[in-house]
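The values are calculated or read from the model by the stated rules, or taken from the named source; none is laboratory data. Just so we're clear, the structure is a prediction, and the values are computed from it rather than from any experiment. Here Cβ is always computed from backbone atoms with ideal geometry, including for glycine, and neighbour counts include all displayed protein chains.
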Amino acid sequence: MHTSDFDFALPPELIAQEPLARRDASRLLHVRRSDGASTHRTFADLPGLLREGDLLVLNDSKVIPARLLGQKRDTGGRVELLLVRPATAIGAEAALTGSTDATRWICLGQASKPIRPGARLTFTGGLEAEIVEARGGGEFVVAFTSSAATLQAAIAVAGRLPLPPYIHRAPSAADADRYQTVYAKTLGSVAAPTAGLHFTPQLLASLEARGIRRATITLEVGPGTFMPVRDGEVAQHVMHAERYLVSEDAAEAIRSTKRAGGRVVAVGTTVTRTLESFTDGVVARNGETAIFITPGFEFRVVDALLTNFHLPKSTLVMLVSAFLGRERTLSAYAEAIRERYRFFSYGDAMFIEGDR
């Protein structure tokens, strides 16, 4: 497969720059996996599209203010870091809420002059850092220290919300709320699991009242979600690993839904990648996944998919193409463009109803 097989022309004005006033007012393109037939709805219609006994699986990861703007202590030169993940095996939340000792993170960094190992950096709020290792490709191992009780507290002062690169404005006060899901709980992501941004507490209550259950998993969304596939051949692309946690409660909810003949509805590509990383049944696990889902993939867990509209030639549109089929996916995207749907993180959504 060629990367160009997943390209499409997207008018720039369809890239949503702001969220709607109401989360569930987003449009929803309902597509049947069996034949590609589609209807136009709003996200508030979702309860009527699901069935009693279905299980919604949500990613409860919370976006951290991972963009850090500071200076080199020796020269005063400006430097920018983006937190990616802890350098150790612990999860992001454990690293952020742990002791005041130096905490090592993998970061993406850029500055007007090269950043070298040994460079000491300062940020607002008493946050300091030292470059421990340059790993190439703009990636560094950085040791943080702070006078604050936790790294989380220091980053809350020094950091900024890392809005996606296709949102061409500075973060606003409203983004602190709207670029999080209403069920966000576990610290660690540098990008929101955007399919979940459409849910409201009222909509979740309505789904529950109709007998539609839900379970939560955690996948720490990394910056790789925005990275383009630069190779002409899809098979040459290497995915960045992301940490996930599936609890025993979530695993049992998924297993019992399957046993009862219900559908597992993945809310977003992050949930899909997590669940489809299990090859012999979903079990409780704390691990990493670098799974790359492309057409030809055999889905074992996910029966239906809620997702936003993604970038051309991205790994995410390839995942959707694996679930719906490439031609049907591109046809659905073309229809969404004709109907002036809003694209990407703050945009509209698509519900792909499976064959079951």
Worksheet item: How do the strands (runs of 3 or more DSSP E) wholly within region 108-148 filter down when requiring 1 or more residues that are in contact with an Asp or Glu (Cβ under 6 Å, 6 or more places away or on another chain), assigned by TED's automatic domain parsing to the domain that holds Gly77 and at pLDDT 95 or above: which remain?
Response: 120-122, 139-146
Worksheet item: Is one or more of the residues making up region 319-326 at pLDDT 95 or above, closer than 23 Å to Thr181 by Cα and part of a helix (DSSP H, G or I)?
Response: yes
Worksheet item: Listed residues Arg85, Arg104; which is touching a Pro at 6+ places or on another chain (Cβ under 9 Å), of a type in the set (Lys, Arg) and not assigned by TED's automatic domain parsing to the domain that holds Arg178?
Response: Arg104
Discussion item. All but one of (1) touching a Gly at 6+ places or on another chain (Cβ under 7 Å); (2) assigned by TED's automatic domain parsing to the domain that holds Leu187; (3) at negative phi hold for Thr42; state the number of the condition that does not hold.
Written reply: (1)
Worksheet entry | Residue selected from region 116-137 under the condition over 19 Å from Thr88 (Cα atoms) and of a type in the set (Gly, Ala, Ser), by the criterion surrounded by the most Cβ atoms within 10 Å (Cβ to Cβ) | Ala119
Discussion item. Given (1) within 17 Å of the chain's Cα centre (by Cα); (2) within 21 Å of Thr88 (Cβ to Cβ), identify the lone condition not met by Leu197.
Written reply: (2)
Worksheet item: Looking at Pro162, is it in contact with a helix residue (DSSP H, G or I) (Cβ under 7 Å, 6 or more places away or on another chain) and surrounded by 15 or more Cβ atoms within 10 Å (Cβ to Cβ)?
Response: no
